[in-house]
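One structure below.
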Amino acid sequence: DSVFAHVVRAPEDPILGVTVAYNKDPSPNKLNLGVGAYRTEEGKPLVLNVVRQAEQQLVNDPSRVKEYLPIVGLAEFNKLSAKLILGSDNPAIQENRVTTVQGLSGTGSLRVGGEFLARHYHERTIYIPQPTWGNHPKVFTLSGLSVKTYRYYDPATRGLNFQGLLEDLGSAPSGAIVLLHACAHNPTGVDPTLEQWEHIRKLVRSKALLPFFDSAYQGFASGSLDADAQSVRIFAADGGECLVAQSYAKNMGLYGERVGALSIVCKTADVASRVESQLKLVIRPMYSNPPIHGASIVATILKDRNLYNEWTIELKAMADRIISMRQQLFDALKTRGTPGDWSHIIKQIGMFTFTGLNSDQVAFMTKEYHIYMTSDGRISMAGLSSRTVPHLADAIHAAVT
Ligand SMILES: Cc1ncc(COP(=O)(O)O)c(CNOCC(=O)O)c1O
């Protein structure tokens, strides 16, 4: 018999498995609020106009070939990505203290960063928020780091547990790595205020903790690329060191192209160049070099003033549609007199609302109303439209009364 006869069936991924269940449901009014992927009012995926235009330019360019990229990826893409998140006026960029490598979207960039730290950083412990994106613990554990958590979310207020965060980071061993969501925290939609970020920065620097930012929603949370990068920029401009993983999945709609970047801000240009040489030794045996198409689209858009400006307009439109879904859901629950305080729906930002519904209520909503969402009560607002808000409001109302 097979040499793999002993292999047991693995469970579905908690997030991607929701879509598997959704696809199996024959109900005409089923609603997929699971995976964090943008949908239009018509419930369809969106390819941005600027992406179509950039691809047209690329296809029409006869000089374009399909040669391997260098291990670190498309140099122009790397430079433009660092400027996008760190700010082109950032002293770290001016002083050439940043090394950036192209990664396989956000996940791949986090993984390469984790593997690099496990080999070259003296502290093996990484503190991740409680709760956080489901893939984080696995990415860092498999990188060879030991994962601990810091308090982040307060179920009572459905807001930030700032005191708990400060206590947990304050009692972390000096030098420990700290994972920080740059904006639009997944799954809670709760972000520190700018004042709170400054407080966190001071604590991180005073304890020589190593900040590792995960930026998967820049521009998608508030509609402003600069506003959503403020947390990263105050750290990256203070002379200290940090890592930043970027994803273009959401803000440029390049989900399946797997386009991302990992930047490491170092104290000197010489250190940055030595760090880059070691990043290459992580990447080469992992996937050798990254895909060319998605990074070429991003570089084409970021380097062209008109395409960049048009991108910011399309990005704001996506962010605004999600914000209007928040307001509509909040209003619909108010109209129904649904018991409970639902103001967190309009206070939280980014793609997700952490509703506070428990797994039994979620199971009820799936069974009775064909609503598909993660069992932790997170809903992807991007999956909603004006047409489907009433159906979700009815389901929540039924689940809590
Ligand atoms: C915080 C965070 N980091 C990183 C990533 C990495 O995404 P990617 O590797 O696609 O760039 C994601 C994407 N999440 O996927 C959507 C979901 O939670 O339903 C993310 O949310």
Quiz prompt | Residue in region 11-20 that is assigned to a loop (DSSP other than H, G, I, E, B), within 21 Å of Pro390 (Cβ to Cβ), in contact (Cβ under 8 Å) with a residue 60 or more places away in the chain and within 13 Å of the ligand (Cβ to nearest atom) present | solution = no
Practice problem: Working only within region 163-191, note down all residues that are within 21 Å of the chain's Cα centre (by Cα), away from the ligand (no atom under 15 Å from the Cβ) and outside any helix (DSSP H, G or I). | Solution: Ile177
Self-check item: Check on Leu160, more than 15 Å from the ligand (Cβ to nearest atom), closer than 26 Å to Met381 by Cβ and touching a residue at least 12 places away in the same chain (Cβ under 8 Å)
Solution: yes
Self-check item: Matching residues, region 216-250, being under 20 Å from Met381 (Cα atoms), touching a strand residue (DSSP E or B) at 6+ places or on another chain (Cβ under 9 Å) and part of a loop (DSSP other than H, G, I, E, B)
Solution: Ala216, Tyr217, Gln218, Tyr248, Ala249
Quiz item: When you go through (1) more than 9 Å from the ligand (Cβ to nearest atom); (2) touching a residue at least 40 places away in the same chain (Cβ under 8 Å) one by one for Ser109, which number turns out not to apply?
Solution: (1)
Exercise. Answer yes or no as to whether Glu67 is within 30 Å of Ser277 (Cβ to Cβ) and either surrounded by 12 or more Cβ atoms within 10 Å (Cβ to Cβ) or away from the ligand (no atom under 16 Å from the Cβ) (or both).
Key: yes
Self-check item: From Arg274, Arg201, residue being under 25 Å from Gly164 (Cα atoms) and of a type outside the set (A, V, I, L, M, F, W, C)
Solution: Arg201
Exercise. Could you check region 339-401 for helices (runs of 4 or more DSSP H) lying wholly inside it with 3 or more residues that are at pLDDT 95 or above, closer than 17 Å to Asp191 by Cα and more than 16 Å from the ligand (Cβ to nearest atom)?
Key: 344-347
Quiz prompt | Total residues in region 242-274, condition away from the ligand (no atom under 14 Å from the Cβ) and buried (at least 20 other Cβ atoms within 10 Å of the Cβ) | solution = 6
Practice problem: Taking Ala237 as the residue in question, decide whether it is modelled with pLDDT under 95, more than 16 Å from the ligand (Cβ to nearest atom), farther than 21 Å from Glu76 by Cβ and surrounded by fewer than 24 Cβ atoms within 10 Å (Cβ to Cβ). | Solution: yes
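The values are calculated or read from the model by the stated rules, or taken from the named source; none is laboratory data. It should be emphasised that the depicted structure is a prediction, and the values quoted were computed from it without experimental measurement. Note: ideal-geometry Cβ built from the backbone for every residue, glycine included; neighbour counts use all protein chains shown.
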